[in-house]
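Below: the structure, in structure tokens.
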Amino acid sequence: MEREKDKMNKEKIDFKYHHIKHYKYQAQSKKTLITSILLTLFFALVELFGGIFSGSLALISDSFHMFSDVIALLFSIIAVFYSAKKPNKNFTYGFLRIEIISAFINGLALMIISVGIVIEAVKRLFNPEHVDFFTMFTIAVIGLLVNIILMFVLMKSLKKENNLNVKSALWHFLGDTLNSVGVIIAAIILKLTNLVIFDIIISVIISVVIFTGGLKIAKEAFFILMEAVPSDLDIDEIHAKILTIDKIKDIHEFHLWNISEENISISFHILLDEYDGVNDYEIVNDVVKLLKNEYGIEHVTVQIENPEINPHL
């Protein structure tokens, strides 16, 4: 009974041992995201009612963009919460991927919203509506100030903690800032010319900005979810570098991927020139040192194989 208990305790200890952390605490990101949610939700409501009151499609479209930001930020808060949870027997890599799934959903949502805005703009092109200059201009100026404040808060957070969702939020609010400038310009042109079409044109430009941002975020998250090779690493170069290590003849079953934005993993099998009198542990250690020092890769899984023992078909 005692022996069984000791064995169970040992298994728990072995399981908890990791060379790198598969979780991260992000107190700064959490505070930043909560602040951003409150400010964004407030202004989204102001823009929506202001757009309805003034008849400005540009304001209404930008309000939906802001509402999508609120949803994105809520997903991000959930991701930050789960990312702090440690690995368990069912999720041995932890919950860092939730951050990536969240970013992917956010990107898709932005793309869908942008298409909806363009459809509404086309309808307005054939059925123009009166736009109130004063309401449109005032809300756009307030929006510009709110977005500048949010960008400052997010940039300050990123200096302390690197987070894909905070990065995507910063990209969103950069787009929102440009949108606010666009709405201000549209309002001034509308006042001077009385041509409602400028409101429609600005709303289409806003939708293009939204779509571009959504595509960028979704693409980055998609590549991580598909376990693609990180864009800043060259797989051929790494392969060639490993082969320069003494006694390594060939490598195969080579995989390089991101678990999360910052967490890179690599695994492969090694064939040696000779096996007699060779210290496998030293070779593995040389490989690990190379990957860490040259490329910053710390999560390394290496398997040395002998063709005479391990069949290769």
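Please treat every number below as a calculation from the coordinates, not as lab data. Here the structure is a predicted model, which is why all the values come from computation and not from measurement. Reconstructed Cβ throughout: ideal geometry from the backbone, glycine too, with neighbour counts over all protein chains shown.
Summary of values
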{"read-out": "Where trypsin sites (Lys or Arg not before Pro) fall in DSSP loop in region 33-97, at most 16 other Cβ within 10 Å", "value": "85, 89"}
{"read-out": "Contour minus Cα-Cα distance for residue 41 and residue 122 (0.36 nm per residue)", "value": "26.4 nm"}
{"read-out": "Filter on 247/289; 89/219; 30/89; 89/159 - keep pairs with C-alpha separation over 25 Å", "value": "89/219; 30/89; 89/159"}
{"read-out": "Calculated FRET efficiency for the pair residue 294/residue 149, C-beta based, R₀ 25 Å, to 0.05", "value": "0.05"}
{"read-out": "Segment residue 309-residue 252, extension gain: residue separation times 0.36 nm, minus the distance between their alpha carbons", "value": "18.9 nm"}
{"read-out": "Potential lengthening between residue 286 and residue 159 on full extension [0.36 nm per residue; Cα-Cα distance subtracted]", "value": "42.4 nm"}
{"read-out": "3J(HN,Hα) from dihedral phi, region 176-186, Karplus parametrisation 6.51/-1.76/1.60, rounded to Hz, x for glycine, proline", "value": "4, 5, 5, 4, 4, 4, x, 5, 4, 4, 4"}
{"read-out": "Alpha-carbon centroid distance for the pair region 220-246 / region 58-115, whole angstrom", "value": "26"}
